[in-house]
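The values are calculated or read from the model by the stated rules, or taken from the named source; none is laboratory data. Bear in mind that the values here come from a model prediction, so they are computed numbers and not experimental data. Using ideal geometry, Cβ is built from the backbone for each residue, glycine included, and neighbour counts are taken over all protein chains shown.
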Amino acid sequence: MRHRVAHRKLGRITPHRIAMLRNLATALFERERIRTTLMKAKELRPFAEKLITLAKREENRAHSLRLAQRDIRDKVVVKKLFDTLGARFAARPGGYTRILRLGTRQGDGAEMAIVELLGSEWKPAEKEEQGKKGAAKDKDEKKAEPAEKPAKPKKAAKAKKEASAE
């Protein structure tokens, strides 16, 4: 029985598991959205949320920075965590990540998931609006200017004829 056993082992020894979680958290903070297996995502969520909570702290900021640097070794990612992500989630009491299930991986049947930080969602509506605006501009430009056919280079045509003759 697994009474009072907190975390999944994920088939790894402890140092390997901790290193994997550190790497996943670094990638999550760098890209704000990563694709991994569902079990790794479920283990990553509390690990990453504790680091974001450290970044939100206003008092004793230097100590919080050092605690975060134990797990995230990339200075650029730590700076992003404390400057942008900490400020983004300052008013939020918790729940900074979202796990979206993707289905099974074809190779081994493992359940896949996307882990993303809230506020970094994909927004297809904006791209569609930009596409419609761009298409309307293109139509207006085509109507305003007469269509011109580009002239073919004569050298390329001569080279083709000579190649086919041989």
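Would you call residue 89 farther than 22 Å from residue 122 by Cα and surrounded by 11 or more Cβ atoms within 10 Å (Cβ to Cβ)? When the stated conditions are applied, residue 89 does not pass them.
Each row is one residue, and each column tells you yes or no for (1) touching a residue at least 60 places away in the same chain (Cβ under 8 Å); (2) touching a Leu at 6+ places or on another chain (Cβ under 8 Å).
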residue	(1), (2)
5	no, no
8	no, no
20	no, yes
30	no, no
38	yes, no
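Checked against the criterion of being within 18 Å of the chain's Cα centre (by Cα) and not hydrophobic (A, V, I, L, M, F, W, C), the stretch 7-25 has at least one qualifying residue.
Screening 29, 47 for residues that are among the aromatic types (Phe, Trp, Tyr), within 20 Å of the chain's Cα centre (by Cα) and within 13 Å of residue 118 (Cα to Cα) leaves exactly one candidate, 29. So residue 37 ticks every box in (1) among the polar types (S, T, N, Q); (2) within 23 Å of residue 16 (Cβ to Cβ); (3) more than 16 Å from the chain's Cα centre (by Cα) but one. Which box is left unticked? Here residue 37 meets the rest and fails (3).
Note on the stretch 65-118: residues that are closer than 12 Å to residue 51 by Cα, among the small types (Gly, Ala, Ser) and touching a Lys or Arg at 6+ places or on another chain (Cβ under 6 Å) amount to 1. Inside the stretch 108-148, can you point out the residues that are modelled with pLDDT of 90 or more and under 23 Å from residue 31 (Cβ atoms)? Matches in the stretch 108-148: 110, 111, 112, 113, 114, 115, 116, 117, 118.
Any residue that is of a type outside the set (A, V, I, L, M, F, W, C), under 24 Å from residue 91 (Cα atoms) and surrounded by 12 or more Cβ atoms within 10 Å (Cβ to Cβ) - is there at least one of those in the stretch 3-17? Among the residues of the stretch 3-17, not one is of a type outside the set (A, V, I, L, M, F, W, C), under 24 Å from residue 91 (Cα atoms) and surrounded by 12 or more Cβ atoms within 10 Å (Cβ to Cβ), which makes the answer no.
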